[in-house]
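The values are calculated or read from the model by the stated rules, or taken from the named source; none is laboratory data. These numbers come from a predicted model, not from an experiment. Positions of Cβ are generated from backbone atoms using ideal geometry, with glycine treated the same way; all protein chains shown enter the neighbour counts. All accessible areas refer to the heavy atoms of the entire protein, side chains included, with ligands and DNA or RNA removed. Shrake-Rupley method; radii C 1.70, N 1.55, O 1.52, S 1.80 Å.
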Amino acid sequence: MMTQNPSLDLVEFIETQILPQYTQFDKAHNMEHVTRVIRSSLDLARKTGADMNMTYAIAAYHDLGLSGPRAIHHLTSGKILIADARLKRWFTSDQLKMMKEAVEDHRASASRAPRSIYGKIVAEADRDMNPETVIRRTIQYGLANYPQLDKEGHWQRFMQHMDEKYSVNGYIRLWIQGSENERKLNELRKLIAEPKEMRLFFDKIFTEETA
């Protein structure tokens, strides 16, 4: 019978040695984010029958590459995972290779499907499609990385990002059909198609984030 939770010694290692690294990243990729991705990944692993230890470690390592250039953070994260010899305590070489590939495949802008169920799980878990969460994280990222912009500048950047990533013509792809994310993405797309309604959401959350 497959275990429904990752092993306690792996959890202790991850929680003490890996997760604290997320405190150095921006608000959109902090401890709250990685904790949510881990929780969502484990839920999907239970539904799909995936290995819990592999799923847990992949989710924990998926954004560590943000310590370097954001554009290649998914590749850097994979390198960090495969280079961490401590993981050999729990995983075989073949498992670690698959885990590295899953981390590399989690990025939303990837043009191809993830190479394994593990890549699909972390990619899906990384995409919290709750409209308010997406809007808040996008605003947080803009404030952290474009401090020179005024409010209208942030609004323009925000809407450009929404259109490029989340609209019906956007690049985001969901890999597990019938997921909760699919329903939430449709809600977000309705908002994107109604800029006046979206502006109300933007103004409210922008005010909260800059208070």
* Structure fact -> Expected vector for region 90-101, Karplus 3J(HN,Hα) from phi with 6.51, -1.76, 1.60 and θ = phi - 60°, integer Hz, x for Gly and Pro, equals 10, 10, 7, 4, 5, 5, 5, 5, 5, 5, 4, 5
* To do: Using only protein heavy atoms and a 1.4 Å probe, report how much of SER40 is accessible, in Å² to the nearest 10.
  => 40 Å²
* **Which of LEU64, LEU44, LEU8, LEU149 is most accessible, then next, and so on - probe 1.4 Å** => LEU8, LEU149, LEU44, LEU64
* To do: Quickly work out the GLN160-to-MET31 label distance, labels modelled 7 Å from Cα along the C-beta direction, and quote it in nm with one decimal.
  => 3.5 nm
* Rough spin-label spacing in nm, given labels placed 7 Å along Cα→Cβ, for LYS79 and ARG112 -> 2.0 nm
* Value of [θ]222 nm, deg cm²/dmol, for the chain, DSSP H segments ≥ 4, -39500 (n - 2.57) each, nearest 500 -> -19000 deg cm²/dmol
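Note down the magnitude of the dipole of region 106-211 about its Cα centre, charges +1 on Lys and Arg C-beta and -1 on Asp and Glu C-beta and zero elsewhere, to the nearest 20 debye.
440 debye
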* Asked: Quick one: helix 73-83 against the long Cα principal axis of the chain, what's the angle to the nearest 10°, folded into 0 to 90?
  -> 10 degrees
* Structure fact -> Helix 151-166 sits off the longest principal axis of the Cα atoms of the chain, rounded to the nearest 10 on a 0 to 90 degree scale, by 50 degrees
* **Within region 15-110, GluC sites (Glu not before Pro) in DSSP loop having at most 14 other beta-carbon neighbours inside 10 Å** => none
* Cα-based helix-to-principal-axis angle, 131-145 vs the chain, degrees rounded to 10 -> 90 degrees
* When only DSSP loop residues count, what GluC sites (Glu not before Pro) in region 109-171 have their Cβ near at most 14 other Cβ atoms within 10 Å? -> none
* Loop-located chymotrypsin sites (Phe, Trp or Tyr not before Pro) in region 156-200 whose Cβ has at most 15 other Cβ within 10 Å (DSSP) -> TYR171
* **Members of LYS79/LYS151; LYS100/LYS190; LYS47/LYS165; LYS100/LYS196 lying beyond 32 Å, as alpha-carbon distances in this model show** => LYS79/LYS151; LYS100/LYS190; LYS100/LYS196
